[in-house]
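The values are calculated or read from the model by the stated rules, or taken from the named source; none is laboratory data. None of these values were measured; they are calculated from a predicted model. All Cβ positions, glycine included, derive from the backbone under ideal geometry; neighbour counts span all protein chains shown.
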């Protein structure tokens, strides 16, 4: 299982869930800011990076049979708004 990651902008990304979603939350108030469905279980810690002035979040989605999530072999990146 993976953990969460918090950014300097008070956003926390969580991808290690059993429903195959990655989500972003406001650290200050807990509000959900964003979510996206992963092609397989995301039992990994997300990371963020910047390229050409654009911020991205990336996560490995490989699933886990013991947790009942879809198995796969994906590296997924999302451009953030």
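Mind checking which residues of the range 35-66 are out of contact with any helix residue (DSSP H, G or I) (no Cβ under 9 Å at 6 or more places or on another chain) and within 11 Å of residue 16 (Cβ to Cβ)?
Within the range 35-66, the first condition is being out of contact with any helix residue (DSSP H, G or I) (no Cβ under 9 Å at 6 or more places or on another chain), and the residues that meet it are 35-40, 42, 44-66.
Hits for the range 35-66 are 38, 42, 44, 45, 46, 59, 60, 61, 64.
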Given (1) in a strand (DSSP E or B); (2) surrounded by 13 or more Cβ atoms within 10 Å (Cβ to Cβ), number of the condition residue 75 does not satisfy: (2)
Condition check for residue 36: surrounded by 11 or more Cβ atoms within 10 Å (Cβ to Cβ), out of contact with any strand residue (DSSP E or B) (no Cβ under 7 Å at 6 or more places or on another chain) and either in contact (Cβ under 8 Å) with a residue 24 or more places away in the chain or in a strand (DSSP E or B) (or both): no
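Residue-wise test of (1) more than 26 Å from residue 72 (Cβ to Cβ); (2) exposed (fewer than 13 other Cβ atoms within 10 Å of the Cβ); (3) within 8 Å of the chain's Cα centre (by Cα).
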{"residue": "3", "(1), (2), (3)": "no, yes, no"}
{"residue": "22", "(1), (2), (3)": "no, no, yes"}
{"residue": "32", "(1), (2), (3)": "no, yes, no"}
{"residue": "48", "(1), (2), (3)": "no, no, no"}
Pair list, Cβ under 8 Å, 6 or more apart: the range 1-23 residue at positive phi and in a loop (DSSP other than H, G, I, E, B), other residue surrounded by fewer than 16 Cβ atoms within 10 Å (Cβ to Cβ) and at pLDDT 85 or above: 10/26; 10/27; 10/28; 20/37; 20/39
